[in-house]
Amino acid sequence: MEKTLAEFQQSIIDGDSERTEALAREIAGDGAVAAEDVFASLSAAMEEVGSRYETGEYFIPEMLRSADAVERAMAILEPYLFEQRHDQSGVVVIGTVKGDIHNIGKNIIVAALRAAGYEVHDLGVNVSTAKFIDKVRETGADLLLLSAFTTSTKPALMDILETLEAEGLREGVKVVSGGASHSQELASEVGVDGFAADVKGTLAVCRELLGG
Ligand code: B12
């Protein structure tokens with residue numbers, strides 16, 4: 001299966017949706033692949049696509065083809081990954097903050113959290129403070145996860161934290177931030193409870209913050 005996972009990763013990098021779907025079916029059919037290995041492959045593939053874009057080897061169409069391959073693979077793999085999930089782990093509200101439309105990494109985190117047993121409310125991209133606050137209140141969320149990919153999102157992050165405080169909700173919810181070009185330094189400046197740079201780290205920090 002290691003070979004299949006490597007081929008799966010490569011087919012995403014190549015933006016070959018059909019091959020990615022075929023390999024996703026193989027992985028789901030095999031039944032012995034750990035969810036965390038699937039997520040590691042997905043992330044590694046999209047990180048490679050991201051660097052190729054940055055170095056000018058890939059352009060937006062190539063990148064969107066790869067993102068489409070991930071989406072199609074997830075549609076096939078989600079039921080399989082869900083079979084591995086444990087008991088209910090907690091309620092999560094997640095979204096990409098206002099002014100930011102990056103969602104590939106966020107979507108991988110959403111799938112990983114769902115597979116790990118969290119009840120996840122995904123608000124999408126360019127999410128206003130009011131929308132985050134309303135959802136946290138409505139769901140009684142244990143965790144608020146903020147995806148922020150560009151450094152210019154700092155004011156949006158600060159605004160969310162200040163509003164949580166002002167609305168008396170800050171005590172009841174742990175806030176975690178992350179995303180491409182997000183750093184521990186930025187997270188500390190903004191005052192969130194946790195930061196992570198990848199899927200594994202995100203699952204670990206969520207578990208830790210919920211005392212598990
Ligand atoms: C893909 C991409 C785009 C795509 C987005 C498509 C989409 N549907 O998401 C498009 C082309 C639309 C785009 C647009 C822009 N982009 Co862009 N983009 C990228 C790129 C190349 C890859 C991002 C990605 O998907 N990586 C792959 C995923 C798997 O990795 P990830 O996002 O890091 O996610 C992982 C972790 O961060 C973490 N994670 C993610 N979310 C969360 C949330 C939480 C709570 C936690 C704990 C962890 C976590 O887990 C994920 C899985 O491992 C990055 C460069 C790069 N190499 O990262 C630039 C980058 C993020 N973009 C950048 C910029 C500047 C822009 C634009 C402003 C460009 C422009 N001038 O128009 C616009 C932004 C428009 C806007 N208002 O948001 C900059 C940000 C720079 C900065 N320091 O602020 C980057 C870093 C490129 C660069 N070096 O300049 N972009």
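The values are calculated or read from the model by the stated rules, or taken from the named source; none is laboratory data. All figures in this text were calculated on a predicted structure; none of them were measured in a lab. All Cβ positions, glycine included, derive from the backbone under ideal geometry; neighbour counts span all protein chains shown. Accessible surface is based on the protein model in full, side chains and every heavy atom, while ligands, DNA and RNA are left aside. Shrake-Rupley method; radii C 1.70, N 1.55, O 1.52, S 1.80 Å.
Please specify each residue of the stretch 179-200 satisfying the condition of being closer than 18 Å to residue 112 by Cα, near the ligand (Cβ under 6 Å from one of its atoms) and out of contact with any Lys or Arg (no Cβ under 9 Å at 6 or more places or on another chain).
Listed by number, the residues that qualify are 180, 196, 197, 198, 199.
A quick yes/no check of all residues on (1) more than 21 Å from residue 36 (Cβ to Cβ); (2) assigned to a helix (DSSP H, G or I); (3) within 12 Å of the chain's Cα centre (by Cα):
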{"position": "101", "(1), (2), (3)": "yes, no, no"}
{"position": "132", "(1), (2), (3)": "yes, yes, no"}
{"position": "168", "(1), (2), (3)": "yes, no, no"}
{"position": "182", "(1), (2), (3)": "yes, no, no"}
{"position": "201", "(1), (2), (3)": "no, yes, yes"}
{"position": "204", "(1), (2), (3)": "no, yes, no"}
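Restricting attention to the stretch 115-135, does a residue exist that is touching a Phe, Trp or Tyr at 6+ places or on another chain (Cβ under 8 Å), open to solvent by 20 Å² or more (accessible area, probe 1.4 Å) and at pLDDT 90 or above?
The answer is yes, given that some residue of the stretch 115-135 is touching a Phe, Trp or Tyr at 6+ places or on another chain (Cβ under 8 Å), open to solvent by 20 Å² or more (accessible area, probe 1.4 Å) and at pLDDT 90 or above.
For the stretch 121-130, name all the residues that are of a type in the set (D, E, K, R) and assigned to a loop (DSSP other than H, G, I, E, B). Before you say what the answer is, go through the steps one by one.
Going through the stretch 121-130, the residues of a type in the set (D, E, K, R) turn out to be 122.
Within the stretch 121-130, no residue meets the criteria.
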* Which is open to solvent by 20 Å² or more (accessible area, probe 1.4 Å), within 13 Å of the ligand (Cβ to nearest atom) and of a type outside the set (Lys, Arg), of 145, 203? -> 203
